[in-house]
1. Check B:GLY10, B:GLY56, B:GLY52, B:GLY20 and return the single one that is under 29 Å from A:ASN108 (Cβ atoms) and at pLDDT below 85.
2. Looking at A:PRO112 and the list (1) modelled with pLDDT under 70; (2) over 13 Å from B:THR55 (Cβ atoms); (3) surrounded by fewer than 11 Cβ atoms within 10 Å (Cβ to Cβ), which single condition is not satisfied?
3. Say we look at the stretch A:139-164 and pick out the residues that are at pLDDT below 75 and within 27 Å of the chain's Cα centre (by Cα); which of these is surrounded by the most Cβ atoms within 10 Å (Cβ to Cβ)?
4. Name the one entry in A:THR34, A:THR39 that is at pLDDT 90 or above, under 29 Å from A:ASN127 (Cα atoms) and crowded, with 23+ Cβ neighbours inside 10 Å.
5. Limited to the stretch A:53-62, what total is found for residues that are in contact with a Ser or Thr (Cβ under 8 Å, 6 or more places away or on another chain) and more than 7 Å from chain B (Cβ to nearest Cβ)?
6. Answer yes if at least one residue in the stretch B:82-91 is modelled with pLDDT of 90 or more and among the small types (Gly, Ala, Ser), and no otherwise.
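The values are calculated or read from the model by the stated rules, or taken from the named source; none is laboratory data. Since this is a predicted model, take the numbers as computed values, not measurements. A quick note on method: Cβ atoms are made from the backbone with ideal geometry, for glycine too, and the neighbour counts reach across all protein chains shown.
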Amino acid sequence: MTLNIILFVALILAALWTVISKTLLKAAFGLAVTSVLLTIIMFGLSSPLAAMFELSVCAGLITAVFISAISLAKPLTSEQKIALAKSKFKKYFFLPIIIVVIIFLLRNFKLPADFHSANVLSQTTVNNIFWTERKMDLLGQLVILLAGVFGIVVLFKKGRKNDI
Amino acid sequence: MIFSTLHIFGIAVIILAVCGLYCILVTRNMIRVLVGVELLIKAVTLLIILAGYVTGNISLAQSIAITIIIIEVVVVVIVAGVILGIFKANDSLDVINIRNLKG
């Protein structure tokens, strides 16, 4: 329980750091730290396979994509940085208030009485679910992956010299 | 009141989702909007794993979480490409530039 509370506090701090940080690079690192903490939480919730995917893909690949995108884009000018710093506190003033209000509204939310009884697939393994019970959505997933690959090819394709 | 795992990580899901939504709403930088979307997707992933843990369907929850993570990568890569394309055309990352799209 103590570990859960420590992970909870660390996750919230990392998420807030991601949102509040001034530079985009710090936001990308904050997102990576959030992913690592989420990985540890997933291990604690007995989901090692999803945790492994989260660590390798979200903390690794997505951070690399973010840093490449940030490095390819132009940094802010000094005037823009000053204007951003001035408006920062006004922008994030309401964030804790919104969080407290939502938790206050959900404090009496009760789970249905039969919430624990839906234990139909607990004995099946992830492999069984992936390759026997789910077929159509795996096909959709493959199509989405292919769409991503072709989308990137089209987006980064360089035009010919005589194209305008 | 003793907090259970469900309570602790349920509150974490709410805070992550609010942070993501807030990040999308207050900024005009397109890369920061993408960071907000990432935070929202992380909240959804944690919620699915938590639901699987509570109901005992952890295998199903894991397989759905893996699907979400894969689609998340595709979304991030494509949107990053689109953002760089808009940056090349307008020399700015401001979301206001998307209004200039034609055709």
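1. Testing whether each residue is under 29 Å from A:ASN108 (Cβ atoms) and at pLDDT below 85 leaves just B:GLY56.
2. Checking A:PRO112 against (1) modelled with pLDDT under 70; (2) over 13 Å from B:THR55 (Cβ atoms); (3) surrounded by fewer than 11 Cβ atoms within 10 Å (Cβ to Cβ), the one that fails is (2).
3. Residue satisfying both the conditions and the ranking: A:LEU155.
4. Of A:THR34, A:THR39, the one residue that is at pLDDT 90 or above, under 29 Å from A:ASN127 (Cα atoms) and crowded, with 23+ Cβ neighbours inside 10 Å is A:THR34.
5. 2
6. Scanning the stretch B:82-91, I find no residue that is modelled with pLDDT of 90 or more and among the small types (Gly, Ala, Ser), so the answer is no.
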